[in-house]
Structure formats: structure tokens, C-alpha cells
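First the structure, in the form of C-alpha cells, and then the observations on it.
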Amino acid sequence: GDSVTQMEGPVTLSEEAFLTINCTYTATGYPSLFWYVQYPGEGLQLLLKATKADDKGSNKGFEATYRKETTSFHLEKGSVQVSDSAVYFCALKLAAGSARQLTFGSGTQLTVLP
Amino acid sequence: DAGITQSPRYKITETGRQVTLMCHQTWSHSYMFWYRQDLGHGLRLIYYSAAADITDKGEVPDGYVVSRSKTENFPLTLESATRSQTSVYFCASSEGRVNTEAFFGQGTRLTVV
């Protein structure tokens, strides 16, 4: 079935370090891909998305490129801040079918130290 | 206020009791979803609804019941709560197009003792 596999955490970085969180997916057809962020005690917020191959989503210094050939959507940021500490979820949404739900990875906890 | 709201934010209930979690959205989104979040599992879909009076099971529906008599409301009921249903529950809504994101509520932390 359709699934998302994320890099296992937790990930701990120093401020201004480079961040990569790996995400690969298995899906029939051509899904839309999303990264969500969850701050402590809050719900999930959309961070960025890409809806077709080679699209790059970007927001708040984060980027991810939809790579159909490697079925990947890795999240990157060049210089993380303490305020980026959160749980990050990769997700996909299928084009076919009626459900329209998001399928999530297991999440990656990021802690950024000053 | 515009958005999606869940109530209550926190709930403690006893095993065997019925409990209902509420979800309300103001965007008139056609789709609504209930997920549960558990450590190591990410978010798993319990039920979803494509429109008023149309609901369907997700990945983990056992022990839960939903209804959707109005577009804006999508309550989730645990008919006889069990300890394994201790979790954080998130409601979400979205438009029907595949390239649109879902918007999430703040979550309900449910503890079954």
C-alpha cells in the first residue's frame, strides 16, 4: 500500500547547522507531497508542499524537491534556529481515489541547541 | 473565529465510558478527517468524511463511531473507551482537490484510566 518512510529521530543540531530530514514514499500514481511541522502542544501546520515532479516547495528557509525518480521529498534548511525545534512530518496525498486523506510518516523530532 | 476547533482539549475518562470529541470548521471544506497520534506511529487515520452524511473507515476505525449531519461538524465517539484508546486526537479538514493541504485542529489529549 501507500506509505511514507522518514528518517528516524531524534535529531539534535547546533544553531546555524545544516538540516536534512530524509523522506521517501511508495504510492500508486502521482501523489502530492507535504511537510508539516508540529510545535509542542500544538496541532500540525503546513510547512511546504509540492504537487508534481521536480517542483520545489519552500517556506521559512526550508526547502524540499519532489524527486519522482528516487521517490523522495527530503527536507533541508541551510541554517537552523532554536525556534525550529519541533516534530516534522512528511506526508502524501494520492491523486486517485476518493479518500483524499494524507498518509503520514512517523515524524522526526528536531532539537536545535543554542 | 475562522478555522478548525476541537473540544475538549483535554479529557480523562474511565474504561467503558462513552466519550465524544467535537470538531468544528468554518471554511465549508467538503472533507473532514480524524487522526490519532501515538509515539512511533505518526498519525493514523480513524475515519473520514467526503461530505455531509458520507463517512468511511480509515486505517484504525475499530471502537470509534462518527457522524456528519452538517458540513461544519464531525464528532468522534468512543462508544466504550479502552486504555488502548489513550492518545492525542486530531481533526482536520480540506478541500477536495488533491493538491490542497489539510488544516488541523489543536488536538484533544484523551486519557482512559
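The values are calculated or read from the model by the stated rules, or taken from the named source; none is laboratory data. All figures in this text were calculated on a predicted structure; none of them were measured in a lab. Neighbour counts run over all protein chains shown; Cβ positions are idealised from the backbone, glycine included. Surface areas here come from the heavy atoms of the whole protein model, side chains and all, with no ligands, DNA or RNA. Shrake-Rupley method; radii C 1.70, N 1.55, O 1.52, S 1.80 Å.
Within the range A:31-44, can one find any residue that is open to solvent by 50 Å² or more (accessible area, probe 1.4 Å) and touching a residue at least 60 places away in the same chain (Cβ under 8 Å)?
Among the residues of the range A:31-44, not one is open to solvent by 50 Å² or more (accessible area, probe 1.4 Å) and touching a residue at least 60 places away in the same chain (Cβ under 8 Å), which makes the answer no.
What about B:ALA92, is it closer than 26 Å to A:PRO31 by Cα and away from chain A (no Cβ under 13 Å)? I'd like the intermediate steps shown before the answer.
Numbers: closer than 26 Å to A:PRO31 by Cα: yes; away from chain A (no Cβ under 13 Å): no.
Here the answer is no, as B:ALA92 does not meet what is asked.
Checking B:TRP27 against (1) assigned to a loop (DSSP other than H, G, I, E, B); (2) touching a Lys or Arg at 6+ places or on another chain (Cβ under 7 Å): exactly one of these is not met. Which one?
Unmet condition: (2).
Can you pull out every residue in the range A:60-89 that is farther than 20 Å from A:TYR25 by Cα, charged (D, E, K, R) and either free of Cβ contacts under 8 Å to residues at least 12 places away in the same chain or in a strand (DSSP E or B) (or both)? Outline the logic, then answer.
Pass one, the range A:60-89, residues farther than 20 Å from A:TYR25 by Cα: A:60-61, A:77-86.
Checking the rest, the ones that are also charged (D, E, K, R) come to A:60, A:77, A:84.
Residue satisfying the conditions is A:LYS77 alone.
Quick one: would you say B:THR108 is buried (at least 18 other Cβ atoms within 10 Å of the Cβ), among the β-branched types (Val, Ile, Thr) and under 12 Å from the mean Cα position of the chain (by Cα)? Steps first, please.
Details: buried (at least 18 other Cβ atoms within 10 Å of the Cβ): yes; among the β-branched types (Val, Ile, Thr): yes; under 12 Å from the mean Cα position of the chain (by Cα): yes.
Taking the combined requirement at face value, the residue satisfies it.
Looking at the structure I just gave you, is A:THR12 of a type outside the set (Phe, Trp, Tyr), over 22 Å from A:VAL80 (Cβ atoms) and loosely packed, with under 13 Cβ neighbours inside 10 Å? Quick ask: steps written out before the conclusion?
Numbers: of a type outside the set (Phe, Trp, Tyr): yes; over 22 Å from A:VAL80 (Cβ atoms): no; loosely packed, with under 13 Cβ neighbours inside 10 Å: yes.
No.
I'm trying to understand the selection: among the residues of the range B:58-93, which are open to solvent by 10 Å² or more (accessible area, probe 1.4 Å) and in contact (Cβ under 8 Å) with a residue 60 or more places away in the chain?
B:GLU79, B:SER80, B:THR82, B:ARG83, listed by residue number.
Could you tell me whether A:LEU113 is open to solvent by 40 Å² or more (accessible area, probe 1.4 Å) and touching a helix residue (DSSP H, G or I) at 6+ places or on another chain (Cβ under 8 Å)? Step through it out loud before you land on a result.
Details: open to solvent by 40 Å² or more (accessible area, probe 1.4 Å): yes; touching a helix residue (DSSP H, G or I) at 6+ places or on another chain (Cβ under 8 Å): yes.
Yes; evaluated as a whole, the condition is true for this residue.
What single numbered condition from (1) within 29 Å of B:SER30 (Cα to Cα); (2) more than 9 Å from chain B (Cβ to nearest Cβ); (3) crowded, with 19+ Cβ neighbours inside 10 Å fails to hold for A:ASP55?
Going through the list (1) within 29 Å of B:SER30 (Cα to Cα); (2) more than 9 Å from chain B (Cβ to nearest Cβ); (3) crowded, with 19+ Cβ neighbours inside 10 Å, A:ASP55 breaks only (3).
Does B:ARG109 satisfy being of a type outside the set (Asp, Glu), within 14 Å of chain A (Cβ to nearest Cβ) and in contact (Cβ under 8 Å) with a residue 12 or more places away in the chain?
Numbers: of a type outside the set (Asp, Glu): yes; within 14 Å of chain A (Cβ to nearest Cβ): yes; in contact (Cβ under 8 Å) with a residue 12 or more places away in the chain: yes.
So B:ARG109 passes the test.
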